[in-house]
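Worksheet: the structure to be examined is printed underneath.
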Amino acid sequence: MLLPELIRIGLVQHAATLSISLGSPGLVTDATGATRSIVPEAPVTLAWRNGRLDMGLPGDPEGDEPWHPALPVRFTGQEVFRWQGSDYQGRAEVLADGHGLTLVDTLEPETYLRGVVPREVPSSWPMEALKVQAIAARTYLAATVGRFAAEGFDLHADERSQVYGGKGAEHPRTDEAVRTTAGIVATWQGAPIKAYYSSGAGGMTEANDAVEGFADKGTDGRPIGLPYLRSVVDFDWNSRRHAWSREVTDAKMAEVLAPEARPIGRPLAIEVAERSGSGRVRWLRIRGTAGTAEIPGARLRRLLRLDSTLFSVGLVRPGVFLFSGRGWGHGVGMSQSGARQMAEWGFDHAEILAHYYPGTRLERADAPTP
């Protein structure tokens, strides 16, 4: 059970233009093997125009005219590059994605985690909570690396995978958490688990098979529950998002429902049709002046950008619905706010992970030595 020696992180896709600079002398090499020199700190501009790449290289001794290299192009001879004002450790590569340009950062897994942990949780949190996040992030990486291979990289740099901020996000405390847990992942029957996590679960986490997209389907078409992703008590009480509320007008409801092919007119009443075992809304029934429609709770959460599906809803005054809920995120797996609270109570990282991923073990999945 080994982590790959290098991983590829997709920083941006479908870009019309990119600007990349290196902190030291380097080279850019295209798909044909042609190379050009790069002046340190001088931004290299890349633009996708009419199906070809225009590249501007300041200080290029071969002239000021744009170069039209064949994609992909790779930046070599350096270990740090700058994009959109932030530094990234690793080697930059630019691909064509059919709609523009994709920028990929290729780097070692542990270096990647140093840019993930401080973007997922504050570096000021207790060290044991930071270790929990480091192990969860490493486990998620081990279980999902290569998921987006068809797009030219292993993982996205945002919530579609894990939030990655590069070298500019690194902090000594989160670096320490990554270093002291190096190579450790949570496993079930010898394999890295699907280490889902969210900001807070509002007092109770959710089973994976109760949330669309978090479970494979069995032969009978039903989602498969994983024994380590069951509903457990969450301790996120001190989270600023433990309790939340939001008012939504009937006009806004009608607006978000219209593209969903649910022409019910002006919404008059919303009721919960079905809840999961942890109390989250699975289905809602909305009655309007022109009909009634049902919609999954997770879908309405995305449409209205609600914090979670653990909510109640009612008409607070004519034409205005009040959503009152708890938690922030999907609620499956580890609760970051709950992990913080347990760490403040004195639990160590192994105990916290055992609570949120019951029955799992901590094992080493060290990257192979180059």
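When Met1 is evaluated against the numbered criteria (1) over 21 Å from the mean Cα position of the chain (by Cα); (2) surrounded by 12 or more Cβ atoms within 10 Å (Cβ to Cβ); (3) hydrophobic (A, V, I, L, M, F, W, C); (4) at pLDDT 85 or above, which criterion, by number, is the only one it fails?
Just one mismatch for Met1, condition (4).
Condition first: in contact with a strand residue (DSSP E or B) (Cβ under 7 Å, 6 or more places away or on another chain) and farther than 10 Å from Asp209 by Cβ. Now tell me which residues in segment 228-240 satisfy that.
Tyr228, Ser231, Val233, Asp234, Asp236, Ser239
Can you name the residue in segment 51-73 that is assigned to a strand (DSSP E or B) and surrounded by 17 or more Cβ atoms within 10 Å (Cβ to Cβ) and, of all such residues, is modelled with the lowest pLDDT? Walk me through it before giving the result.
As a first pass, look at segment 51-73 and keep what is assigned to a strand (DSSP E or B): 52-56, 67, 73.
So of that shortlist, the ones also surrounded by 17 or more Cβ atoms within 10 Å (Cβ to Cβ) come out as 53, 55, 67, 73.
Values: Leu53: 90, Met55: 89, Trp67: 85, Val73: 94.
Looking at the filtered set, the residue picked out is Trp67.
Can you report the number of residues in segment 37-47 which are modelled with pLDDT under 90 and part of a strand (DSSP E or B)?
Within segment 37-47, the subset modelled with pLDDT under 90 is 37-42.
Then drop every residue that is not part of a strand (DSSP E or B), which leaves 37-38.
Counting residues in segment 37-47 that are modelled with pLDDT under 90 and part of a strand (DSSP E or B) gives 2.
What strands (runs of 3 or more DSSP E), lying completely within segment 215-330, carry at least 1 residues that are within 30 Å of the chain's Cα centre (by Cα) and at pLDDT 95 or above? First the steps, then the outcome.
Numbers: elements: 243-249, 267-275, 281-288, 291-296, 311-317, 320-326.
Per the criteria, 243-249, 267-275, 281-288, 311-317, 320-326.
Every residue in segment 181-214 that is more than 26 Å from Lys131 (Cα to Cα) and in a loop (DSSP other than H, G, I, E, B), please.
Restricting attention to segment 181-214, the residues satisfying the condition of being more than 26 Å from Lys131 (Cα to Cα) are 209-213.
Matches in segment 181-214: Val211, Glu212, Gly213.
The conditions are (1) touching a residue at least 40 places away in the same chain (Cβ under 8 Å); (2) surrounded by fewer than 20 Cβ atoms within 10 Å (Cβ to Cβ); (3) of a type in the set (A, V, I, L, M); (4) over 28 Å from Val320 (Cβ atoms), and Ala215 fails exactly one of them. Which is it?
(1)
Confirm whether Ile184 is modelled with pLDDT of 95 or more, of a type in the set (Val, Ile, Thr) and at negative phi.
yes
Can you go through Gly26, Gly98, Gly51, Gly56 and tell me which one is without any contact (Cβ under 8 Å) to a residue 12 or more places away in the chain and over 30 Å from the mean Cα position of the chain (by Cα)?
Details: Gly26 fails: without any contact (Cβ under 8 Å) to a residue 12 or more places away in the chain; Gly98 fails: over 30 Å from the mean Cα position of the chain (by Cα); Gly56 fails: without any contact (Cβ under 8 Å) to a residue 12 or more places away in the chain.
Unique residue meeting the criteria: Gly51.
Out of the residues in segment 218-237 that are surrounded by 13 or more Cβ atoms within 10 Å (Cβ to Cβ) and of a type in the set (Asp, Glu), state the one that is farthest from Gln336 (Cα to Cα).
Checked segment 218-237; the qualifying residue farthest from Gln336 (Cα to Cα) is Asp234.
Output the qualifying pairs, or none if there are none: Cβ atoms under 9 angstrom, residues six or more apart or on different chains, first residue in segment 143-171 and within 13 Å of Tyr112 (Cβ to Cβ), second residue part of a loop (DSSP other than H, G, I, E, B) and of a type in the set (Val, Ile, Thr).
From residues that are within 13 Å of Tyr112 (Cβ to Cβ), the pairs are Asp154/Val145; Leu155/Val145; Ala157/Val163; Ala169/Val163.
I'm trying to understand the selection: among the residues of segment 269-290, which are touching a Gly at 6+ places or on another chain (Cβ under 7 Å) and without any contact (Cβ under 8 Å) to a residue 40 or more places away in the chain?
Correct list: Val281, Trp283, Leu284, Gly288, Thr289, Ala290.
Those residues that are over 16 Å from Ala201 (Cβ atoms) and either touching a Gly at 6+ places or on another chain (Cβ under 8 Å) or without any contact (Cβ under 8 Å) to a residue 12 or more places away in the chain (or both), I need them from segment 223-244; list them, please.
Ile224, Pro227, listed by residue number.
The values are calculated or read from the model by the stated rules, or taken from the named source; none is laboratory data. Since we're looking at a predicted model, the values are computed, not measured. All Cβ positions, even for glycine, are placed from backbone atoms using ideal geometry, and neighbour counts span all protein chains on display.
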